[in-house]
Amino acid sequence: MTINPELTISFSPMHRLQWEEAQQKDVILYPEGMVELNQSSAEILKHCDGSRTLDQIVTALEEKFSTSGLKNDISSFLEDALKNGWIEQP
Amino acid sequence: MAGSNNPKTITPPRWLLAELTYKCPLQCPYCSNPLDYTKHSNELSTEDWKRVLSQARKMGAVQLGFSGGEPLTRQDLPELCAHARQLGYYSNLITSGYGLTEEKIIQLKAAGLDHIQVSIQASTQELNDHLAGTESYQTKKEVAHLVKKHGYPMVLCVVIHRENIHQMPEILAMAEELGADYLELANTQYYGWAHENRDLLLPTKEQFEEAEAIAQAYKKKVEGKMKIYYVIPDFYEDRPKACMNGWGTTFLTIAPDGVALPCHSARDLPGLDCPNVTDFSIEQIWNESKAFNFFRGNDWMKEPCHSCDEKEKDMGGCRCQAYMLTGDMYSTDPVCSKSPDRHVVKEALDSARKSALSDDEQPLIFRNSKNSKKYS
C-alpha cells in the first residue's frame, strides 16, 4: 500500500481525530482503541482534508512552518497512516 | 492495608465501561456477568449515568463502552449516546444485535454513537442459536449488514471455546463476507458463567494451536481490509495477562447497580467494599476509594511476584482469577509458570480434556434468571 501522488488524501471517516484536554495531546480514536499523536503527526493529519495531494500537503506544511525539506518525513508518516487505515484516497 | 495509605502516582481513567443492565435476551453459557446477577437487579437512572459520564470524562476518560447484559434494553440509550458525544467520548455499543432495528441504528447514529460491536456465537445458525439460547442468528447477520450500511465501523466479536473452535475457518470467512472492519476472536476468559461451564468450554491444547494457526494465517490474507484481534487464552500461556493494564490505572467499570469495579469480578473479592456511584463521585472513587487503591502499584505483592523482574509487565496477573482459583487474592495469578499454584490450571486443563473425551458430558448451564437465582 503506497500513497498515490495524483490523488487527494482524506482522514478516514472510520476514525476520529480529536484534541484531548486531559492528555494535552491530539489522539486518533477508533473502535475500542486510541493512538496518541505528537504535534507534527497531528499537523500532518489535519491537512488530510480531502482537498490536497501529498505534494500539496508538503507545500502547505512547509509554508506554515517556514521551512523546507519535509517531504521524506511526511510521506513516510503518511505511508504508515495509510497502512493503519487512518487516511484514505478516493 | 495493601497500598491504601501509600502515596502513588494515580493515572486518570481512560476507559469507562458502562454496564447499563444485566437484562439480556440471550443466555450465553460463557457470560462474564456475575452468576448471582439477579441479586443486583437495581439499575441506575438516566440522570445517574449522565453524571457518571460527565465526571469520568472530566478526569480524562475518552473511550466509552455501553455494555451489559444487552444495553439495547435500556430505553434511554439514545439519550446517553447524545450526552456522551456532547462530552467528546468515543462511544462503543457492545451488543448481541438482538432487537436492533434499522430505525434504531439510524437514531443512535444521529445521537452520536461512534461504533457498534455485534457478537455472533458461531458460523452456523444451529450452533449460534443453541449457544445463545435464543433464535438470533439471522437477526445478527442482518444487523451486521445494517451497521455497515449506515457507515459505522463494525467489529464482529466471536467468543471462542470448545463448542465452536472447530468452526474457525468458517468464522473467519463469515466475518469477511459480512464486511467486518475488525474481527475480535475472544478466547473465553473463565470468569462468571464461563467458570461454571469450564469443563465444557475449555478447548484442548491441540484445538487451540490449530485454531490459532488458522487465524494468524488469515490475518495476513485480509491485511489492510479487516483487522483481526486475537484475545489469547491465558490458561495455555506461561505468563499471566496484564489484567486491566494494571489495577486502577486505565479501566473503570460501572455495574448496572452503580457499583464501581477496578476489574470485572472485583465485586467478589473479600473486603474491597467496591464503592457505588450513588454515594461517591468518580473522582473520589478513582482517587480515594479503598477498592481502587487496593492493588495499585506492587507493594501488595507476595512471592514469587514481589522479587520478579517481570512484575512491571504483568502486575502479577488478574486478582480476580487468583482469588477464584487459589482462594487468595494476593497470590500470583496461577496462569504463571512461576506460581506455586500452577497445578490448579493444569488440573483445570486435565479435567476439561477428560470431559472432552468422555461420552457423557454434562449439559451447559445457561445464563438466565432461573439459573442465576440458584446462585443468589
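The values are calculated or read from the model by the stated rules, or taken from the named source; none is laboratory data. Just so it is clear, the structure is predicted and the values come from calculations on it, not from any experiment. Reconstructed Cβ throughout: ideal geometry from the backbone, glycine too, with neighbour counts over all protein chains shown. These accessible areas exclude ligands, DNA and RNA; they are computed on the full protein's heavy atoms, side chains included. Shrake-Rupley method; radii C 1.70, N 1.55, O 1.52, S 1.80 Å.
Estimated purely from DSSP H runs of n ≥ 4, each contributing -39500 (n - 2.57), the mean residue ellipticity at 222 nm for chain A is -10500 deg cm²/dmol once divided by its residues. The alpha carbon centroids of the range B:10-83 and the range B:296-328 are separated by 28 Å.
With the full set of protein chains in place, find how many percent of the accessible area of the protein assembly as shown is carbon and sulfur; take the probe as 1.4 Å.
Working: 10040 of 20280 Å².
Carbon and sulfur: 50 percent of the exposed surface of the protein assembly as shown.
Annotation: lysines with alpha-carbon distance below 18 angstrom to B:Lys373 (same-chain offsets under eight excluded): B:Lys23, B:Lys39.
Within the straight-line cut-off of under 28 Å between alpha carbons, the lysines reachable from B:Lys354 are B:Lys205, B:Lys241, B:Lys338, B:Lys346, B:Lys374, sequence neighbours fewer than 8 places apart in one chain being disregarded. Sequence-distant contacts, meaning Cα pairs under 8 Å at least 6 residues apart, place the relative contact order of the range A:23-85 at 20 percent.
Summing both sides, how much accessible area is buried between A and B? Use a 1.4 Å probe and give Å² to the nearest 100. Mind showing how you got there, number by number?
Numbers: alone 5580 and 16200 Å², together 20280 Å².
Summing both chains' loss of accessible area gives about 1500 Å².
Here the Debye sum runs over all C-alpha atoms of the protein assembly as shown as equal scatterers in vacuum, and log10 of I(q)/I(0) at q = 0.09, 0.14 Å⁻¹ comes out as -0.65, -1.52. Straight-distance candidates among the lysines for linking to B:Lys58, with alpha-carbon spacing under 28 Å and chain neighbours fewer than 8 residues away dropped: A:Lys25, A:Lys46, B:Lys8, B:Lys50, B:Lys109, B:Lys290.
Helix-only estimate, please: 222 nm mean residue ellipticity of chain B, summing -39500 (n - 2.57) across DSSP H runs of length 4 or more and dividing by its residues, to the nearest 500.
Working: 15 runs with 139 residues, N = 376.
Rounded to the nearest 500, it is -10500 deg cm²/dmol.
With a probe of 1.4 Å, find how much accessible area the protein assembly as shown has per residue, and write the answer as a whole number in Å².
Numbers: 20280 Å² over 466 residues.
Each residue of the protein assembly as shown exposes 44 Å² on average to a 1.4 Å probe.
Taking R0 as 35 Å, what's the FRET efficiency between B:Tyr330 and B:Thr46 from their Cβ-Cβ distance, rounded to 0.05? The formula returns an efficiency of 0.35 here.
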